[in-house]
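Structure first, commentary second.
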2 protein chains.
Amino acid sequence: MSLKHAVLAALLEGEASGYDLAKLFDAAVANFWSATPQQLYRELERLADEELVSARLVAQERRPTKRVFALTESGLRALASFTGEPPRPTAVRDDLLVKIQALDCGDPAGVRELVEERAAFSRGKLARYERLRERLLDGRGEEEYLRRAERVGPYLTLLRGRAFEEENLRWCARVLTVLAEREAARGAAEPR
Amino acid sequence: MSLKHAVLAALLEGEASGYDLAKLFDAAVANFWSATPQQLYRELERLADEELVSARLVAQERRPTKRVFALTESGLRALASFTGEPPRPTAVRDDLLVKIQALDCGDPAGVRELVEERAAFSRGKLARYERLRERLLDGRGEEEYLRRAERVGPYLTLLRGRAFEEENLRWCARVLTVLAEREAARGAAEPR
DNA sequence: TCAGCCTATTCAATTTGTTGAGTAGGTGTC
DNA sequence: GACACCTACTCAACAAATTGAATAGGCTGA
């Protein structure tokens, strides 16, 4: 039930097309929720049916016509009341962790490569987060921004996302060290 | 497709019933994947059909008979080859982050309460992780364990889970500070 | 000029995940 | 001795997510 509210929350930033949202909710970009384009188009359809968002067609030059969605009054109310409801406890669901859990029955070299790829992905995401951060701060210092800005939600979720990716990076480095040490120890014990 | 492999990975620890796995995959406990009991029973049924796990009935005294599952040779092979496949990039999906993203249109006091609850949840999870850690280390030091233990996968995923909850705790504290400062600033600006 | 990518969306099929109820005996407690 | 809770599972229905393909014009570079 959260995609619904994630979409409404995204529309707090202003009106957007399904395509715009698809970019925002892309797994490589998203900092508070992710979804595929298909999910978004369907959800927007439903939200429009419930009149939580309004839709209008915007013709463009040199581009396909798009449908632009905006929060309605009742959409805003729905979002406000959602913020007060208890969140369902979220737990880990990361493919890579399953692979690491099973690491000892698999191929160490292959796993090492996957961990390196994840680290690279995290670095890319951190770079994007940093750009978003600068856009939000817009020259102001963090403390000043957090005290005075009209909306701090997006910044606070960004901080969470950034911390998550930094932690990912540290963890990847740790895993690689451990794997390397074990390889070395194994090489010394079973020389061939 | 990952629940399948998460279940296989869990069975690396030894045979287990659906009920045992349900406890392990509980959202409040899981450190590498979570799932509901219903999902697990269905998945185990499928895995047994594919002969990736074997099932046998175990009668107990004073308790209902249980069905205990164990990895088969081909299950182990499937898991090993899974560890080499690229993981799908996982992105955030946390209800609380959506609420924080939309915080500025909601009720600050209500949100503060939710953040405090999340912090309490994280503290509980950290305590459970710490117990699991001690059980894994079994008196050995971390460095020694990581160099010599037969399986390090479970420990490495545990480290990731622990770092995640610690980060959660720090972030919750930060959010609460920001909210309090803004409340104070608002109180000073609009005294009534 | 042709391939490949970008905008912008839709349809259909399948797989996953969630929710609620139901069965059935045993244990603990006030 | 009534009520709640624990073990251990099953069935059914529904909602959400994923995957793959299709449409269709414009734009970019070799």
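The values are calculated or read from the model by the stated rules, or taken from the named source; none is laboratory data. Just so you know, these numbers come straight off a predicted model, no measurement behind them. When we count neighbours, we look across all protein chains shown, and the Cβ atoms used for this are built from the backbone with ideal geometry, even at glycine. These accessible areas exclude ligands, DNA and RNA; they are computed on the full protein's heavy atoms, side chains included. Shrake-Rupley method; radii C 1.70, N 1.55, O 1.52, S 1.80 Å.
Position residue B:130: other-copy label points at 3.5 nm, ordered by increasing distance, label point 7 Å along Cα→C-beta. For residue A:4, the solvent-accessible surface computed with a 1.4 Å probe is close to 50 Å², ligands and nucleic acids excluded.
In the assembled protein chains, residue A:170 presents an accessible area of approximately 130 Å² (probe radius 1.4 Å). Chain A has one residue whose beta-carbon comes closest to the axis relating it to chain B; that residue and its distance in whole Å are A:167, 3. Across chain A, the relative contact order, built from alpha-carbon pairs under 8 Å that are at least six residues apart, equals 19 percent.
Note on the stretch A:1-58: Cα-only Rg and Dmax are 10.4, 30 Å. Counting Cβ atoms of other protein chains within 10 Å of each residue's Cβ and taking the mean over peptide A:3-10 gives 4.
A simple rule links phi to the HN-Hα coupling: the Karplus curve 6.51 cos²θ - 1.76 cosθ + 1.60 with θ = phi - 60°, which for the stretch A:172-186 gives 4, 4, 4, 4, 5, 4, 4, 4, 5, 5, 5, 4, 4, 4, 5 Hz, with x for Gly and Pro. Shown here is the pair-distance distribution of the stretch A:66-192: with all Cα-Cα distances grouped in 5 Å bins from zero up to the longest one, the shares run 2, 8, 12, 13, 13, 13, 12, 9, 7, 5, 3, 2, 1, 1, 0 percent. To test your reading of the geometry: what angle, between 0 and 90 degrees and rounded to tens, separates the Cα axis of helix B:73-82 from the longest principal axis of chain B? Once rounded, the angle reads 40 degrees. When the Cα atoms of the protein assembly as shown are aligned to their principal axes, the ranges along those axes come out at 71, 55, 42 Å in descending order. Within 10 Å of the Cβ of each residue in B:26-37, the mean number of Cβ atoms contributed by other protein chains is 4. I'd like to check one number: the per residue accessible area of the protein assembly as shown, probe 1.4 Å, reported in Å² as a whole number. Here the residues of the protein assembly as shown average 52 Å² of exposed surface. Of all stretches in chain A that contain no GluC sites (Glu not before Pro) in a DSSP loop with at most 16 other Cβ atoms within 10 Å, the longest one is A:62-149.
Both chains summed, the buried accessible area for B and A stands near 6700 Å², from protein heavy atoms and a 1.4 Å probe.
Label the stretch A:1-120 by shape, choosing from rounded, prolate and oblate, from the square roots a ≥ b ≥ c of the eigenvalues of the Cα gyration tensor; if a/c is under 1.5 it is rounded, and otherwise prolate applies when a/b is larger than b/c, oblate when it is not. Oblate, since a/c reaches 1.5 and b/c is not below a/b. Once the Cα atoms are used to define both axes, helix A:37-49 deviates from the longest principal axis of chain A by about 30 degrees. Mean residue ellipticity at 222 nm, helices only, chain B: -20500 deg cm²/dmol; runs of at least 4 DSSP H residues each add -39,500 (n - 2.57), and the sum is divided by the number of residues.
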